[in-house]
Amino acid sequence: MKKVLLFTDVDFWERCSGHRVRIAALVRYLSGHFSLTVVATGPAHGSIENTVNNEYGIELIILEHDSHLDSDDYGEKLKSLLESRHFDVLIVEYIHSSYCLNFLPYDCHVILDTHDIISERTAQFKKFDYGSRLYEMQEKDEADIFSIYDHVMMINQPDFDRACLMVDSRKVLLCPHPCEIYYHELRPEVRKIAFVASCYLPNVDSINHFMAHCWDEISAKYNVELDIYGTVCTELNFPDKKRINLKGFESSLNKIYEEADIVINPVRFGAGLKIKNLEALAHGKPLVTTSHGARGMETGANNSYSVADDDDAFVSAISDLIKSKYLRETMQRNAHDFITKYFSSSKCFKPLYDAITEFDITQ
């Protein structure tokens, strides 16, 4: 059995944001097919290794429990660990952790899980006057780093297509995010609209824009409430808005989607794949999002979910769902069909599985 090492600086076991959920899903998949060890930089409390090891059936190693270190110190700790441990494959989470490659004491197959294309995210943030809010990268520099790896994982089709122009297309793997199907009763009347998000800046921007330009019209027409879940609530304050419930972080997605009748994601910019959208569809909830929110799941647009790119269209799409149970029922069926067809774990991670299993460790 191939020995795989996944290197990350993300506390994926917390599962309070899309990128954590993505890594957790990848860890579960890899643990079922390979001998998996996860090395996380830390810091993290002392008992987390046992907790994660028991939950995921893997080996988790924290490089530093008590404090943040610089990349050289993390690298030296990783090097010391690997001097007595051999792995066939190294998967690196995020391009900013590529420094770890400088500390490998032996050759192995190296794979980058990008989550998104940073140069694309940089351009998107600048377009909406949020430049320099996160680390930035130009396309040439990003392509140069991609070229170092044996394979590079992309989370959606648009990113895959672009990456194939940036680097040898044989290196690029399309690995979307997998979801399981859940069933909830469809209520006859809409009472709850839900927004689920982390405090990532595009999420904060999207719900603030929605509240400023859409909610007053919706709440004036219909007797509905807006429930906002997740760490995004720490960045919000709507004292003059009626029927808004800041629910905060809720660990049970089942509980969230059991309550929700309609889910919205009015995101205007960002990068990658919107995992919150996939989760809503997997739970069979009618979803209204934007063209940007639909990146990587375009084949389901206006069939499995609604797409609206201006304020009037967004209000209209929500109104149509509120008024028509038949439309909500149709979208529920189509959403489940869409997830089943395109976003099962066996389909999403098959290119990665093939890249690992086909790699000859005797090379």
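The values are calculated or read from the model by the stated rules, or taken from the named source; none is laboratory data. What you are looking at is a predicted structure, and each value in this text was computed from that prediction instead of being measured. Glycine also receives a Cβ, built like all others from the backbone with ideal geometry; neighbour counts cover every protein chain displayed. Areas reflect the complete protein model, heavy atoms only, side chains present, ligands, DNA and RNA absent. Shrake-Rupley method; radii C 1.70, N 1.55, O 1.52, S 1.80 Å.
Some observations on this one:
- Residues satisfying the stated conditions in segment 159-187, i.e. in contact with a Phe, Trp or Tyr (Cβ under 9 Å, 6 or more places away or on another chain) and aromatic (Phe, Trp, Tyr): 182
- Selection count where residues are out of contact with any strand residue (DSSP E or B) (no Cβ under 9 Å at 6 or more places or on another chain), assigned to a helix (DSSP H, G or I) and either crowded, with 18+ Cβ neighbours inside 10 Å or touching a residue at least 40 places away in the same chain (Cβ under 8 Å) (or both), scope segment 9-19: 1
- Filtered by the rule that a residue be open to solvent by 50 Å² or more (accessible area, probe 1.4 Å), of a type in the set (Gly, Ala, Ser) and either touching a Phe, Trp or Tyr at 6+ places or on another chain (Cβ under 8 Å) or part of a helix (DSSP H, G or I) (or both), segment 80-131 gives 80, 123.
- Checking every residue in segment 136-159 against the condition of being in contact with an Asp or Glu (Cβ under 6 Å, 6 or more places away or on another chain) and under 20 Å from residue 23 (Cα atoms) gives at least one match.
- Any hit, segment 134-146, residues being crowded, with 16+ Cβ neighbours inside 10 Å, among the aromatic types (Phe, Trp, Tyr) and closer than 27 Å to residue 231 by Cα: no
- Only a single item in (1) farther than 20 Å from residue 340 by Cα; (2) within 13 Å of the chain's Cα centre (by Cα) is not met by residue 277, and it is number (1).
- Residues being part of a loop (DSSP other than H, G, I, E, B) and either crowded, with 19+ Cβ neighbours inside 10 Å or not aliphatic (A, V, I, L, M) (or both) - total across segment 168-220: 21
- Criterion violated by residue 31 - all others in (1) under 24 Å from residue 177 (Cβ atoms); (2) of a type in the set (Gly, Ala, Ser); (3) buried (at least 19 other Cβ atoms within 10 Å of the Cβ); (4) modelled with pLDDT of 95 or more satisfied: (3)
- Only one entry in 119, 71 is closer than 22 Å to residue 135 by Cα, among the small types (Gly, Ala, Ser) and without any contact (Cβ under 8 Å) to a residue 24 or more places away in the chain, namely 119.
- Counted residues, segment 147-167 - those being open to solvent by less than 40 Å² (accessible area, probe 1.4 Å), acidic (Asp, Glu) and in a loop (DSSP other than H, G, I, E, B): 0
- Checked against (1) in contact with a Leu (Cβ under 9 Å, 6 or more places away or on another chain); (2) open to solvent by 20 Å² or more (accessible area, probe 1.4 Å), residue 228 meets all criteria but (2).
- Residues that are open to solvent by less than 40 Å² (accessible area, probe 1.4 Å) and part of a loop (DSSP other than H, G, I, E, B), drawn from segment 34-77: 34, 41, 42, 44, 58, 63, 64
- Members of segment 237-266 found to be touching a residue at least 24 places away in the same chain (Cβ under 8 Å), in contact with a Cys (Cβ under 9 Å, 6 or more places away or on another chain) and open to solvent by 20 Å² or more (accessible area, probe 1.4 Å), listed by number: 249, 251
- In segment 267-284, residue nearest to residue 326 (Cα to Cα) [restricted to those that are open to solvent by less than 10 Å² (accessible area, probe 1.4 Å) and part of a loop (DSSP other than H, G, I, E, B)]: 284
- Within segment 162-216, the set of residues being over 25 Å from residue 331 (Cα atoms) and among the acidic types (Asp, Glu) comprises 168, 205, 216.
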